[in-house]
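Beneath this line is the structure, given in structure tokens, with notes to follow.
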Amino acid sequence: MAEIPLETYKTDVHPVWCPGCGDFGVLSALYKAMHALQLDPTKMVFVSGIGCSGRLPAYVKAYGFHVVHGRTLPVSMGVKLANPELTVIAVGGDGDGFAIGGGHIPHAARRNLDITYIIMDNETYGLTKGQVSPTSQIGHTSGSTPYGNVEAPINPIAFAITYGATFVARAYSGKPKELVDLIVKAVQHEGFAFIDAISPCITFYDTYKMIPKKLASVPETHNVKDKAEAFKLALDTEHLYMGLFYLESRPTFEESVMATVHRAESKGMPKFDDILTAYR
Amino acid sequence: MNDIVFRIGGEGGEGVISTGELLTRALARADYEIYTFRTYPAEIKGGHANFQVRVSDRLLLSQGDKLDVLLAFNQEAYDRHFKFLKVNGVLLYDSDSFSTPPGINSCIGYGVPLTKIAVEQIGLKFSKNIIALGVLSELFNIPLEKFEGLISEKFKKKGEEVYTKNIQALEAGFDYAAQHVKKVDSYRLEPVTHKRDVVVMTGNEAMALGAVAAGLKVYAGYPITPATDIMEWLARELPKVGGVVVQTEDEIAAIGTVLGASFAGKKAMTATAGPGLSLMTEFLGLATMTEIPCVVIDCQRGGPSTGLPTKTEQGDLNLALYGGHGDSPRVVIALTSVADCFQGIIRAINIAEEYQMPVIVLSDQYLAHRMASVERSNFESVEIKERLRPTPAQLAGYKRYALTETGVSPMAIPGDVGGFYTATGLEHDEAAELSFESQNHEIMTEKRHRKLRMLEKTSNEAAKVYGLEQPEIAIIGWGSSEGVIREAVERAQEEKMPVGALHPKLLKPFPTQRVQTFLKKAKVLIIPEINFTGQFASLLRAHVSFEPIAQLNKCGGLPFAPEEILAKIKEVRKHG
């Protein structure tokens with residue numbers, strides 16, 4: 001089969017993002033990952049929430065579903081239950097994923113839903129012009145915290161590992177090569193693949209100078225199957241580790257659900273009349 | 001005439017409901033028509049439970065009015081229900097559980113030592129339920145072999161001993177009544193001569209079955225009374241026909257999963273009660289905006305808030321009609337009977353698919369958990385509709401929201417080559433591209449509402465009239481009150497009153513023309529509703545200009561009895 005060119009994955013819709021937004025890096029990495037994997041865009045669905053990142057599906061030539069705030073994961077589950085053959089990539093910001101939608105990550109993770117979930121994490125609410133988010137640091141001043149943020153931020157990596165995500169990684173939009181590599185692995189992973197993609201907001205919380213100072217690669221010696229070791233790296237306050245923290249292999253939700261269906265079906269389709277007769 | 005109303009009352013969790021179900025099925029197997037009504041405590045153990053079954057050899061439209069036979073397992077059951085017993089009705093009570101009740105002189109009382117027989121003769125305390133069934137069998141001529149058949153099906157799988165004990169209990173009750181109860185009442189069921197091919201099921205079971213017949217493939221839900229058994233039924237049956245059921249983390253996730261599945265091409269549905277529907281309203285707006293078929297069942301219960309979880313109410317009509325932001329067209333269907341639960345859910349899924357919009361189906365606790373005998377023919381000749389899909393020519397230069405005469409556009413699903421689009425809650429144009437232009441918003445809003453207008457004819461045709469087509473005294477009710485109203489109309493007509501009832505099935509779009517025609521000669525309109533404010537009356541006033549309207553509202557968690565409707569008819573006639 002002829003190679004699918006990179007350009008095939010792009011639409012001609014111009015992104016609304018501010019020049020210099022980290023989300024451009026994530027989008028570009030997605031194109032490259034799709035190209036590297038030669039994915040059939042007809043069988044792909046991008047599901048997004050609300051926020052700057054929510055606009056992403058329109059920029060990819062594939063099927064897209066731009067849903068309500070915080071609910072990318074339940075919608076992704078519906079898509080996969082309807083058609084497990086589809087490749088589903090859910091994208092959203094840190095507010096969409098950890099604030100309004102925070103209640104869904106634990107369940108997608110423990111079910112091991114076979115999707116890739118990329119959080120474009122900029123530690124702020126960009127689309128509403130700069131308020132604190134669940135990943136903002138203590139002391140961060142913003143529109144809604146003029147005297148400084150008093151709430152401790154969540155730790156996305158530790159959060160995802162705790163709830164049973166089977167692929168947990170962090171990337172940085174400013175390191176495109178590594179980001180492409182992680183997306184490729186995440187899509188290939190059978191199960192719930194979570195990427196905390198640091199994607200700075202140049203307009204309301206510019207961290208381009210701050211991030212690289214703390215950035216470090218996950219050590220080459222790290223055993224990705226060692227959960228305790230993965231937590232140690234996640235909880236490290238000195239470094240912001242980038243790379244794959246944790247990897248686990250267990251049956252996906254769709255596999256398990258479809259196995260149930262096949263077991264039930266193998267007993268033979270019930271006749272409608274027989275179902276009725278049970279109510280005599 | 002064979003028409004007896006039985007009520008069984010006792011401690012919750014001690015088998016009152018299953019006893020009632022056995023009685024119901026035995027009667028149905030003996031070819032009687034049955035109609036049940038139950039209330040039960042919100043607690044799992046303890047509290048008071050009761051089960052009512054009306055039996056007749058002709059079509060039953062309601063649970064009836066007063067009781068003919070009250071079976072009281074304890075003092076509380078007597079205290080609660082004795083006042084509903086007819087003069088000269090039968091009180092059957094466990095004489096070991098409480099002493100001779102004071103009302104014994106105004107009824108026919110039979111004390112049976114149910115507990116003593118259960119403990120001493122059978123050696124199983126809870127067998128008093130089955131003993132009571134034996135007593136009922138003997139006293140009212142309910143064929144014993146129907147009970148034996150049911151006990152065999154229910155208990156044989158639990159082992160020979162359990163089965164034998166229950167058969168012994170049944171016979172012990174029968175024998176005790178034959179030997180020790182001197183029958184002085186006149187209730188006796190005469191055998192039905194015409195055989196009927198019926199099944200006995202609850203509203204929730206009929207709905208779940210209807211959904212399967214309509215081609216449901218994905219069900220997502222969150223447990224909530226009184227809708228939970230829809231999910232449990234489907235969890236058992238849907239995988240057998242290749243469908244999947246998922247219990248989500250909340251109702252928001254349930255409707256989200258439904259929309260995801262429908263976006264990807266499968267028929268999908270969820271069921272909930274008022275609190276859950278409240279949570280789903282944001283997603284319903286998305287379903288309207290992205291034109292994705294979906295069905296949401298609301299088994300209404302007493303509200304607001306947690307309210308009366310195990311009691312009935314028609315309080316969610318406003319939420320179903322208006323619950324959402326923006327001009328958000330959706331279809332609202334109210335189910336009217338157990339038979340209609342099957343047909344109505346098929347209609348709902350068909351409309352959702354054909355018109356690519358959310359359909360809210362209103363049931364309630366009264367309908368959800370009542371059993372009725374339904375002719376098998378009700379389940380035949382089901383017409384199934386599928387959503388409009390793009391042709392290969394339409395996929396070249398595909399426009400997801402192409403403007404059409406009906407407002408319905410061909411819907412591509414992932415996997416369709418050339419059908420790429422992003423479904424979005426943001427306003428968009430025909431090609432699904434974002435557009436915030438004022439003219440576009442007007443065009444697309446009108447498109448979404450056009451689909452609703454296309455359904456007006458269906459709504460007008462679906463409404464049913466009972467009694468006079470253009471009555472002087474008009475009644476319009478909705479939902480599960482259909483049978484009760486119809487019975488009241490029949491009785492009023494027997495008394496030569498100029499009465500008729502219209503019962504719509506689609507509430508949105510509203511059957512305006514049909515209502516107008518129906519009201520042409522009316523001098524007064526009665527609107528009975530199980531809610532405090534008259535939510536349907538408000539809806540009607542928004543579409544039809546008519547006065548005077550006599551609202552009949554109650555919200556005590558119980559359905560109407562035919563008597564109450566009849567009393568209102570007489571009242572308006574007198575003052576009319």
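For the stretch B:513-531, name all the residues that are in a loop (DSSP other than H, G, I, E, B) and touching a residue at least 60 places away in the same chain (Cβ under 8 Å).
At the first step, the residues of the stretch B:513-531 found to be in a loop (DSSP other than H, G, I, E, B) are B:519-523, B:530-531.
Matches in the stretch B:513-531: B:Ile530, B:Asn531.
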Looking at the stretch A:60-113, which of its residues are among the β-branched types (Val, Ile, Thr), more than 8 Å from chain B (Cβ to nearest Cβ) and under 14 Å from the mean Cα position of the chain (by Cα)?
A:Thr72, A:Thr87, A:Val88, A:Ile89, A:Val91, A:Ile105
Taking the stretch A:244-280 and keeping only residues that are free of Cβ contacts under 8 Å to residues at least 40 places away in the same chain, outside any helix (DSSP H, G or I) and more than 8 Å from chain B (Cβ to nearest Cβ), one is left with A:Gly268, A:Lys271, A:Ala278
If I filter the stretch B:269-291 down to residues being facing chain A (nearest Cβ under 7 Å) and closer than 24 Å to B:Glu354 by Cβ, which single residue comes out as surrounded by the most Cβ atoms within 10 Å (Cβ to Cβ)?
B:Phe283
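Tell me the residue from B:Asp31, B:Asp68 that is closer than 19 Å to B:Ala339 by Cβ, in contact (Cβ under 8 Å) with a residue 40 or more places away in the chain and of a type outside the set (Ser, Thr, Tyr), please. If you could, list the steps in order and put the result at the bottom.
Details: B:Asp68 fails: closer than 19 Å to B:Ala339 by Cβ.
The conditions single out B:Asp31.
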Check B:Leu362 against each of (1) in contact with a helix residue (DSSP H, G or I) (Cβ under 7 Å, 6 or more places away or on another chain); (2) of a type outside the set (Gly, Ala, Ser); (3) assigned to a helix (DSSP H, G or I) and name the one condition it does not meet.
(3)
Condition broken by A:Glu220, with the remaining ones in (1) modelled with pLDDT of 95 or more; (2) in a loop (DSSP other than H, G, I, E, B); (3) surrounded by 11 or more Cβ atoms within 10 Å (Cβ to Cβ) satisfied
(3)
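Table: residues versus (1) among the acidic types (Asp, Glu); (2) farther than 22 Å from B:Ala264 by Cα; (3) away from every other protein chain (no Cβ under 13 Å); (4) surrounded by fewer than 23 Cβ atoms within 10 Å (Cβ to Cβ).
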position	(1), (2), (3), (4)
A:Glu3	yes, yes, yes, yes
A:Glu7	yes, yes, yes, yes
A:Thr11	no, no, no, yes
A:Trp17	no, yes, yes, yes
A:Cys21	no, yes, yes, no
A:His35	no, yes, yes, yes
A:Pro41	no, no, no, yes
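Using the structure shown, decide if B:Ile131 is in a helix (DSSP H, G or I), modelled with pLDDT of 95 or more, among the β-branched types (Val, Ile, Thr) and crowded, with 18+ Cβ neighbours inside 10 Å.
Values: in a helix (DSSP H, G or I): yes; modelled with pLDDT of 95 or more: yes; among the β-branched types (Val, Ile, Thr): yes; crowded, with 18+ Cβ neighbours inside 10 Å: yes.
In short, yes.
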So, in the stretch A:182-205, exactly how many residues are out of contact with any Gly (no Cβ under 6 Å at 6 or more places or on another chain) and either under 30 Å from A:Pro146 (Cβ atoms) or without any contact (Cβ under 8 Å) to a residue 60 or more places away in the chain (or both)?
6
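When you go through B:Asp94, B:Asp57, B:Asp79 one by one, which is the residue that is touching a residue at least 12 places away in the same chain (Cβ under 8 Å), surrounded by fewer than 23 Cβ atoms within 10 Å (Cβ to Cβ) and among the charged types (D, E, K, R)?
On the way: B:Asp94 fails: surrounded by fewer than 23 Cβ atoms within 10 Å (Cβ to Cβ); B:Asp79 fails: touching a residue at least 12 places away in the same chain (Cβ under 8 Å).
From the options B:Asp94, B:Asp57, B:Asp79, the qualifying one is B:Asp57.
In the stretch B:168-217, which residues are within 14 Å of another protein chain (Cβ to nearest Cβ) and assigned to a loop (DSSP other than H, G, I, E, B)?
Pass one, the stretch B:168-217, residues within 14 Å of another protein chain (Cβ to nearest Cβ): B:195-217.
Answer for the stretch B:168-217, where residues must be within 14 Å of another protein chain (Cβ to nearest Cβ) and assigned to a loop (DSSP other than H, G, I, E, B): B:Lys195, B:Arg196, B:Asp197, B:Ala214, B:Gly215, B:Leu216, B:Lys217.
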Among the residues listed as B:Arg29, B:Arg38, the single one being within 14 Å of another protein chain (Cβ to nearest Cβ) and under 25 Å from the mean Cα position of the chain (by Cα)
B:Arg29
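Just wondering, is there one or more residues in the stretch B:333-340 that are among the hydrophobic types (A, V, I, L, M, F, W, C), at pLDDT 95 or above and more than 29 Å from B:Ala49 (Cβ to Cβ)?
To start, the set of residues in the stretch B:333-340 that are among the hydrophobic types (A, V, I, L, M, F, W, C) comprises B:333-335, B:338-339.
Next cut, at pLDDT 95 or above only: B:333-335, B:338-339.
Applying the additional criterion that residues be more than 29 Å from B:Ala49 (Cβ to Cβ) yields B:333.
Yes: one or more hits.
Looking only at the stretch B:252-267, which residues are at the interface with another protein chain (Cβ under 7 Å from one of its Cβ atoms) and not aromatic (Phe, Trp, Tyr)?
Restricting attention to the stretch B:252-267, the residues satisfying the condition of being at the interface with another protein chain (Cβ under 7 Å from one of its Cβ atoms) are B:252-253, B:256-261, B:263-266.
Those that are at the interface with another protein chain (Cβ under 7 Å from one of its Cβ atoms) and not aromatic (Phe, Trp, Tyr): B:Ile252, B:Ala253, B:Gly256, B:Thr257, B:Val258, B:Leu259, B:Gly260, B:Ala261, B:Ala264, B:Gly265, B:Lys266.
Is there a residue being more than 18 Å from B:Tyr355 (Cβ to Cβ), more than 11 Å from chain A (Cβ to nearest Cβ) and not in a loop (DSSP other than H, G, I, E, B) anywhere in the stretch B:404-425? Don't jump to the end; show me each part of the working.
To start, the set of residues in the stretch B:404-425 that are more than 18 Å from B:Tyr355 (Cβ to Cβ) comprises B:414-422, B:424-425.
After this cut, where a residue has to be more than 11 Å from chain A (Cβ to nearest Cβ) as well, the list is none.
Among the residues of the stretch B:404-425, not one is more than 18 Å from B:Tyr355 (Cβ to Cβ), more than 11 Å from chain A (Cβ to nearest Cβ) and not in a loop (DSSP other than H, G, I, E, B), which makes the answer no.
Give the residues of the stretch B:220-243 that are within 10 Å of chain A (Cβ to nearest Cβ) and not in a helix (DSSP H, G or I), sorted by residue number. Give the steps one after another, and end with the answer.
Residues of the stretch B:220-243 that are within 10 Å of chain A (Cβ to nearest Cβ), as a first pass: B:220, B:235-243.
Within the stretch B:220-243, B:Ala220, B:Gly242, B:Gly243 qualify.
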List the number of the failed condition for A:Ala152; all other conditions in (1) over 19 Å from A:Pro251 (Cβ atoms); (2) more than 14 Å from chain B (Cβ to nearest Cβ); (3) buried (at least 20 other Cβ atoms within 10 Å of the Cβ) hold.
(3)
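The values are calculated or read from the model by the stated rules, or taken from the named source; none is laboratory data. Note that this is a predicted model, so its numbers are computed, not measured. Methodologically, a virtual Cβ is constructed for each residue, glycine included, from the backbone with ideal geometry; neighbour enumeration extends over all protein chains shown.
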